[in-house]
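Notes follow once the structure below has been shown.
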Amino acid sequence: MMASAIPERMRAVVLEAYREDVVDAIAGLKVVEQTVPPLRRGQALVRVEAAPCNPSDLLLLQGKYGSLKTLPSVPGWEGAGTVVASGGGLLAGWLNGKRVACALRGDRDGTWAEYFVANATECVPLKRAVPFDQAASLIVNPFTAIGLLETARRGGHRAAVSTAAASQLGRMLLAMAGEARFPLVNVVRRDAQVELLKSLGAEHVLNSSSEGFVEELMAVCKRLRATIAFEAIGGNMTGTLVSAMPRGSAVYLYGALSEQPCGGIDPVEVIFNAKSIHGFYLGSWLRRRGALGVLRAALRVQKLLVEGRIETTIQRRLKLDEVVDGLRQYVDNMTDGKVLITPHGR
């Protein structure tokens, strides 16, 4: 598409007010027509083909995310599409006409729209074999999995615990850890999820809802010397991990699925058993990696996608007018896979 063919107006999902209850927050979303944003030097205009809803997107709708935006604003932290115009600059100009995955950092409109203004440095050129459905979720989940496993390796840890292990990110951690022959203790909350992960090759899967879970967790952590945890839940799960893991263990929080403050943390364990709690924020990891490091990570993720070693399960595709009803269904069935917003109806 030539720049002259780009319309002046576009349709987008808009968040006008933060609402603490997630169902109320979703109900408040509106589809509006607005001006296609102008481009600055170093920016690219992406015709969005697909954009996922991640847990971080839901937290934003509720006003609970760590980095909020000036409202009204278009949600959506990542997506994929084709660059149809450049605001100037070497990289942005080179991207013109290319298929890309893209992400948003900062107080700007996001990807739940027909067009998205991306900083060229936040775009990842796509291999031809990577479809938009998979490219839409190429950044947040896969890069987080790479970052967590890299953190474990650099810390000299020999095995890890992964909570919310049946999530899309949890499954990617399982696949990447298996490729690296890095033992993973996968924690889920339903028997069906235990069977799911075992069918995907998981050796160690624990149901946190079962009687004796804490004792099982302590035993397997001791046996495998699992001294790092990838923690996506918060609430009392954080304290359970701190107490159950061996001396010198570290818990890395990267999510807040329970929407509860971390609880049950025994100060004696922290003080006398040298245990620690850290935050893992993907944005900070990306900045530390630098442009070349991010590109290498992107190439690795695309290789894994093409080879079928990882994938994002898609449970439903939503046109813009279907977003409210589709997201209501998604929050009750998140383990079934992602929902993709397809602004152009494909």
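The values are calculated or read from the model by the stated rules, or taken from the named source; none is laboratory data. On a predicted model such as this, the values are computed, not experimentally measured, just so you know. Here Cβ is always computed from backbone atoms with ideal geometry, including for glycine, and neighbour counts include all displayed protein chains.
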For Val323: the one exception among (1) surrounded by fewer than 20 Cβ atoms within 10 Å (Cβ to Cβ); (2) more than 16 Å from the chain's Cα centre (by Cα); (3) assigned to a helix (DSSP H, G or I)
(1)
Out of curiosity, is Ala120 touching a residue at least 60 places away in the same chain (Cβ under 8 Å) and surrounded by fewer than 22 Cβ atoms within 10 Å (Cβ to Cβ)?
no
Exactly one of Gly308, Gly345, Gly264 is part of a loop (DSSP other than H, G, I, E, B) and in contact with a Ser or Thr (Cβ under 7 Å, 6 or more places away or on another chain), and that residue is Gly264
Residues of the range 235-259 being part of a loop (DSSP other than H, G, I, E, B) and closer than 21 Å to Leu149 by Cβ, in sequence order, are Met245, Pro246, Gly248, Ser249, Tyr254, Gly255, Ala256, Leu257
Could you list all residues from the range 1-37 that are assigned to a helix (DSSP H, G or I) and modelled with pLDDT of 95 or more?
Val22, Val23, Asp24, Ala25, Ile26, Ala27
Top-ranked residue in the range 213-238 [being among the small types (Gly, Ala, Ser) and crowded, with 18+ Cβ neighbours inside 10 Å; ranked as farthest from Tyr281 (Cα to Cα)]
Ala226
For the range 129-155, pairs from a residue that is touching a residue at least 40 places away in the same chain (Cβ under 8 Å) to a residue that is acidic (Asp, Glu) and assigned to a helix (DSSP H, G or I), with Cβ under 9 Å and 6 or more apart or across chains, are Ile139/Glu122
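A quick yes/no check of all residues on (1) in contact with a helix residue (DSSP H, G or I) (Cβ under 8 Å, 6 or more places away or on another chain); (2) surrounded by fewer than 18 Cβ atoms within 10 Å (Cβ to Cβ); (3) over 13 Å from Val140 (Cβ atoms); (4) at pLDDT 95 or above:
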{"residue": "Leu60", "(1), (2), (3), (4)": "no, no, no, yes"}
{"residue": "Val74", "(1), (2), (3), (4)": "no, no, yes, yes"}
{"residue": "Gly79", "(1), (2), (3), (4)": "no, no, no, yes"}
{"residue": "Thr82", "(1), (2), (3), (4)": "no, no, yes, yes"}
{"residue": "Leu91", "(1), (2), (3), (4)": "yes, yes, yes, no"}
{"residue": "Lys98", "(1), (2), (3), (4)": "no, yes, yes, yes"}
{"residue": "Cys102", "(1), (2), (3), (4)": "yes, no, no, yes"}
Every residue in the range 57-66 that is under 15 Å from the mean Cα position of the chain (by Cα) and assigned to a loop (DSSP other than H, G, I, E, B), please.
Tyr65, Gly66
Considering residues of the range 248-293 that are among the hydroxyl-bearing types (Ser, Thr, Tyr) and over 26 Å from Val124 (Cα atoms) only, the residue surrounded by the most Cβ atoms within 10 Å (Cβ to Cβ)
Ser249
Counted residues in the range 67-118 being within 16 Å of the chain's Cα centre (by Cα) and outside any loop (DSSP other than H, G, I, E, B) come to 6
Residues satisfying the stated conditions in the range 179-212, i.e. assigned to a helix (DSSP H, G or I), surrounded by 15 or more Cβ atoms within 10 Å (Cβ to Cβ) and free of Cβ contacts under 8 Å to residues at least 24 places away in the same chain:
Val194
Kindly establish whether Lys69 is under 22 Å from Lys338 (Cα atoms), touching a residue at least 12 places away in the same chain (Cβ under 8 Å), of a type in the set (D, E, K, R) and surrounded by fewer than 23 Cβ atoms within 10 Å (Cβ to Cβ).
no
Any hit, the range 152-165, residues being over 19 Å from Met245 (Cα atoms) and in contact with a Leu (Cβ under 8 Å, 6 or more places away or on another chain)
no
Which of the residues belonging to the range 271-280 are hydrophobic (A, V, I, L, M, F, W, C) and closer than 20 Å to Ala232 by Cα?
Ile277, Phe280
